[in-house]
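One structure below.
Read-outs: derived from the displayed coordinates by stated rules, not from any lab. These numbers come from a predicted model, not from an experiment. A quick note on method: Cβ atoms are made from the backbone with ideal geometry, for glycine too, and the neighbour counts reach across all protein chains shown.
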């Protein structure tokens, strides 16, 4: 009887992990496709405004989850720390999301997602340059296919746009900076994704509102006047904000339902799903070499995740174990790394 109960629990654990991954994929791909649809099909070419709407929806959603529905306990942060610690993180958080949406404005989803896979490399390089962290040679070796795959993808990209490429690349740097700053700025506050959004989304909205109004305000008004019907476009635009919040909630669930290796592999498969769905909807041209480059990058990311997990299992003091934070991603699971993605 006990053995049967253990088998049922094991089976349910597997089913729960699969469901968690599928809902994460669903929300993530939906957000990416909706954002691209907004920029391309609705001709709402205002990434700052779209990001601001996402932050507003996420702030409202986090408030409802924590304060109204009480599905997650609030992690209390004193006012001084909010400005000294969370505000700088919110600024980097904001830059990261805006750059992601700007890149979507100019380049295909497939190309943007491949470039975002460069984030592990930029994180390692920045930690090595700034903190002089030592990394095992296997970590550096795992970066070779990532960099090589992105170079091949960039060279063979048929819809290459330099501005979109640079936005996506600097977005990787912003994501890496966010990861590095998390340990020092948020030491002692082990935020989950919902508390992260609860504190950072209002700051990000405040940071972004004025630039969005000054730079894109007149264009948004012209777009409003050019529309015969506003109901459908506004539902899509604000719906993408709701989906962005749901993505954050799904990230928290999937992290607690899977192992680190499974999460890493699922993250890379998610990129493949997003690329495939994007191609089916938008039909952006993809050459054979471009697809090969994307595949090499994803394989490199999977290898990188496996190496990091393998090294993290070594006991402290093991020779040549990298002297880097072992649970940096667990410290603050923000949305745009492999937890990634977009608010």
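Worth pointing out:
- Semi-axis lengths, largest first, of the ellipsoid equivalent to the stretch 87-162 are 24, 20, 7 Å, with √(5λ) applied to each eigenvalue of the Cα gyration tensor.
- The stretch 37-153 - convex hull of the alpha-carbon atoms, volume per residue in Å³: 170 Å³
- Residue exposure sequence - 75, 296, 155 - by fewest surrounding Cβ within 10 Å: 155, 75, 296
- Each Cα pair under 8 Å and six or more residues apart adds its sequence gap; the mean of these over the residue count of the stretch 24-331 is a relative contact order of 37 percent.
- Orientation-averaged projected area, Cα convex hull of the stretch 24-331 (nm²): 16.5 nm²
- Fewest-first sequence of 279, 12 by Cβ atoms within 10 Å of each Cβ: 12, 279
- For the stretch 103-150 versus the stretch 34-70, the spacing of their alpha-carbon centroids is 27 Å.
- Estimated translational D of the stretch 132-184 in µm²/s (Stokes, Kirkwood radius over Cα pairs; 25 °C; 0.890 mPa s): 185 µm²/s
- Ranked from largest, the principal axis spans of the Cα set of the stretch 105-218 equal 42, 40, 23 Å.
- Point-to-point label distance, residue 253-residue 162, nm (Cα→Cβ direction, 7 Å offset): 4.5 nm
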